[in-house]
1. Among the residues of the stretch 103-148, what is the count of those that are part of a helix (DSSP H, G or I) and either hydroxyl-bearing (Ser, Thr, Tyr) or without any contact (Cβ under 8 Å) to a residue 60 or more places away in the chain (or both)?
2. Just give me the residues in the stretch 86-98 being of a type in the set (A, V, I, L, M, F, W, C) and either in contact with a His (Cβ under 6 Å, 6 or more places away or on another chain) or at pLDDT below 95 (or both), in sequence order.
3. Restricting to the stretch 7-22, name every residue that is part of a helix (DSSP H, G or I) and either over 20 Å from the mean Cα position of the chain (by Cα) or polar (S, T, N, Q) (or both).
4. Which members of the stretch 161-175 meet the condition of being over 18 Å from Gly202 (Cβ atoms) and without any contact (Cβ under 8 Å) to a residue 12 or more places away in the chain?
5. Kindly indicate whether any position in the stretch 47-54 is surrounded by 16 or more Cβ atoms within 10 Å (Cβ to Cβ), in contact with a strand residue (DSSP E or B) (Cβ under 7 Å, 6 or more places away or on another chain), small (Gly, Ala, Ser) and in contact (Cβ under 8 Å) with a residue 24 or more places away in the chain.
Amino acid sequence: MWKLLGWQPSELQLGQFQQLQDELRSWNARLNLTRLVEGDDFWIAQVFDSLWPLVSLLKAAPPVHMIDVGTGGGFPGLALAIALPQARLTLVDSVQRKIEAVRAMATTLGLAQRMEFCGERAEKLGQDPAWRQRFDWAMARAVAPAPVVAEYLVPLLRPGGRALLYRGQWSPPDREQLNRATRSLNARVEAVEALDLPAGRGLRHAVSLVPVAGCPHQYPRAVGIPAKQPLGG
């Protein structure tokens with residue numbers, strides 16, 4: 001797995017990944033955070049899938065500021081916090097119980113001192129001056145359509161930042177709809193990478209966006225509107 005990734009965790013990092021798996025087992029018994037906890041479900045579908053789109057960062061380990069929107073059980077945020085020891089990460093989820101569980105796991109893993117945790121809707125964060133245009137990287141493994149996720153992420157990016165959308169299947173119509181949505185956000189699709197995950201875990205795509213100007217102030221729209229009326233539709 002690590003050879004395919006082109007990056008090898010240190011002994012400390014490998015121990016933290018193993019400890020994270022133990023923490024997920026424990027928390028899952030109480031909260032049902034994720035079904036992907038054992039074997040390849042954890043190591044490939046969670047850890048590897050979180051890391052592969054950012055392998056260039058893994059090798060350089062720059063002091064970037066990242067935000068994971070809709071972190072759920074802590075992915076990709078916790079995996080990136082382990083793999084990028086110079087990074088600062090903010091993990092966001094609208095379900096407060098999930099954020100408290102992820103905060104507790106990060107504390108146990110010794111990561112919390114360079115992390116923030118926020119139980120809030122992405123639409124509200126994007127309109128808050130304390131969060132807007134703050135991050136080098138904004139990412140989401142959310143199941144919402146790509147134009148919806150783009151509207152959540154792009155307003156959070158500083159000039160020169162990048163948004164990363166983790167996707168499963170991807171098609172030309174998906175690309176065209178996202179192109180239309182990003183034009184509204186003053187952003188563009190920079191790249192789309194595809195990878196077949198090891199152990200038959202399926203085809204994944206990583207879609208990166210870059211701002212070309214400041215995001216118009218009306219985005220993101222009010223809570224629930226991006227999902228009900230996606231841009232580019």
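The values are calculated or read from the model by the stated rules, or taken from the named source; none is laboratory data. Computed from a predicted structure; not experimentally measured. As a convention, Cβ positions derive from the backbone with ideal geometry for all residues, glycine included, and neighbour counts pool all protein chains shown.
1. 8
2. Listed by number, the list holds a single entry, Val95.
3. Glu11, Leu12, Gln13, Leu14, Gly15, Gln16, Gln18, Gln19, Gln21, Asp22
4. Once the filter is applied, which keeps residues that are over 18 Å from Gly202 (Cβ atoms) and without any contact (Cβ under 8 Å) to a residue 12 or more places away in the chain, the stretch 161-175 yields Pro172, Pro173.
5. Looking through the stretch 47-54, none of the residues is surrounded by 16 or more Cβ atoms within 10 Å (Cβ to Cβ), in contact with a strand residue (DSSP E or B) (Cβ under 7 Å, 6 or more places away or on another chain), small (Gly, Ala, Ser) and in contact (Cβ under 8 Å) with a residue 24 or more places away in the chain.
Here's the yes/no breakdown for (1) over 16 Å from Leu20 (Cβ atoms); (2) surrounded by fewer than 20 Cβ atoms within 10 Å (Cβ to Cβ); (3) more than 14 Å from the chain's Cα centre (by Cα):
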| position | (1), (2), (3) |
| --- | --- |
| Asp68 | no, no, no |
| Gly73 | no, no, no |
| Val92 | yes, no, no |
| Glu100 | yes, yes, yes |
| Ala104 | no, yes, yes |
| Thr107 | no, yes, yes |
